[in-house]
């Protein structure tokens, strides 16, 4: 057996073992807001729109929030591997529920290029399926140009690895990937790697994602080669002469068992006058076994923090993804510098003083 074939076989075997034994995930469900949700995961579909001028905004198409970090966005059909500001953007027409359970579909088009398509997203075991659907074959002039893209936030993956069916690599910190001269004379990024599957960040359970393609190779690009604010892009080209599900990806998302988001404490950073109402709003992960009390600490001239008040945290209710509670310390009126401590966290200091405004 030639050396390259042995390496490919070794990596393929590793991938099968790795994805089968070291993956922890939660099945997604479609909520009333048309987002796919599971604990630690949210998948959005055109809940945000492209700007008509700044088409390189990272805020549309399919978006993935994993462990409270938005790791990927702009999951959509684009006409460039690494779209920049002036590249064409599609028109989003509508989002609707699909025929199968949990399915949601976005209708989009490039009106001046004769391309209409649907982005179909539905949950499946361990993640979700995303498909590009065409009723008419791809216009010939878009062959080799139109592809399903998904962009990943660079700094979450710097220095971490990726694995394809044929190779391994490290996400670079600096945009020094391969380039080629296009027919227009400009330099265009070349793929860092390609394969019918890819695992991003296998060593980090907080950002681990795998994508398997039924429809041709997945190409990995460094979008920073073309624009400083570019992201890492995975892409599969739309095939010519086909209709129906022309590109299908299976995206698997790792979730750390028992993971919960740390509470977020909202308060008046300017401070409070002694007589005014003083209520901190605490945003809580629904799965968190949240403490029932919080503490207010006061700074002494010696630099020590002493407890000034301990009080109940009163549940307010749920809004969107999180639970909310209030910590009322209005009874504290002594001027000074204070911090709030809750669930092992402390906020930045603020003042209680007569000249706070």
Fill in the blank from the handout: In whole angstrom, the spacing between the Cα centers of region 151-212 and region 23-74 equals 20
Fill in the blank from the handout: Taking 110-121, 243-254, 313-324, 83-94 and ranking on average Cβ neighbours within 10 Å, highest first, one gets 243-254, 110-121, 83-94, 313-324
Problem - Extension gain, residue 31 back to residue 264 (0.36 nm per residue minus Cα-Cα distance, nm) - result: 81.5 nm
Fill in the blank from the handout: Summing -39500 (n - 2.57) over every DSSP H run of at least 4 residues in the chain and dividing by its residue count gives a helix-only mean residue ellipticity at 222 nm, to the nearest 500 deg cm²/dmol, of -2000 deg cm²/dmol
Problem - Gyration tensor (alpha-carbon) shape descriptor, region 155-301, a/c threshold 1.5 - result: prolate
Problem - Within region 80-95, backbone nitrogen closer than 15 Å to the virtual label 7 Å beyond the Cα of residue 54 toward Cβ - result: 84-87
Completion exercise
Which of 59, 190, 179 fluctuates most in a GNM of the chain (C-alpha springs under 10 Å)? That residue is 179
Handout entry: Convex hull volume per residue in cubic angstrom - Cα atoms of the chain
Key = 194
Completion exercise
The helix 3-21 Cα axis meets the longest alpha-carbon principal axis of the chain at an angle in degrees, between 0 and 90 and rounded to 10, of 40
Practice task
Sketch the reach of a paramagnetic label on residue 135 as a point 7 Å from Cα along Cα-to-Cβ, and name the residues of region 231-253 whose backbone nitrogen lies under 18 Å away.
Solution key: 241-247
Handout entry: Extension gain (nm, one decimal) between residue 318 and residue 343, 0.36 nm per residue minus Cα-Cα
Key = 7.1 nm
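Bear in mind these aren't lab numbers, they're just calculated from the coordinates by the rules spelled out. Computed from a predicted model, the values in this text were never measured in an experiment. Cβ coordinates were reconstructed from backbone atoms using ideal geometry, including for glycine residues, and neighbour counts include every protein chain displayed.
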